[in-house]
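As structure tokens, the structure follows; a few thoughts come after it.
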Amino acid sequence: TAEDEKTPEEDAKDSEDKAEEEQTAGELKLASSSGNSSTYDLTNTDEFKVAVKSTGESWVTAKDSSGKTVFNNMITKENPQEFNQTDDTQFSLNIGRSTDIEVYVNGEKIEYETDSIVQNIIINYTKE
């Protein structure tokens, strides 16, 4: 149908939108993993947003690069948390029950590197 067909201009705009989305997400790479601790490096982006969602409930502690606790409480299905750390260089999470917690960095889900129930995640951010 005519609605399914796109002009070259519309195709180009779709490609630009996808490129912009990818640039926003940046590149998240595992830097190291040992025991229940994993460190990730986030690069190639001008924003650093972390979302913590729960399928059950878990205690989560979040700290900024200065070590200041920015969140220390239970996360449940009803109260997911979002953190905008764009002006920071590091963010750490201590997750009490990782089987119930999903962590997203700029929309990309982090896959835990170990099966440990308690997870310590550090994300280092290099602003572009």
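Would you grab the residues whose amide H sits under 5 Å from the one on R97? Only those 5+ places off in sequence or on another chain, please, with H modelled 1.01 Å from N.
W59
From Cα pairs below 8 angstrom and at least 6 apart in sequence, can you work out the relative contact order of region 37-127, rounded to a whole percent?
Computed value for region 37-127: 42 percent relative contact order.
Could the peptides 122-128, 72-78 be put in order, highest first, of the mean number of other beta-carbon atoms found within 10 Å of their residues?
122-128, 72-78
Considering all projection directions equally, how large on average is the shadow of the alpha-carbon convex hull of region 52-128, in square nanometres?
Taking the Cα atoms of region 52-128, their convex hull projects to 4.9 nm² on average.
Laboratory data are not the source of any read-out in this text; all were calculated from the coordinates shown. What you see is a predicted model; the values in this text were computed from it and never measured. Heads up, the Cβs are rebuilt from the backbone with ideal geometry, glycines too, and the neighbour counts pull from every protein chain shown.
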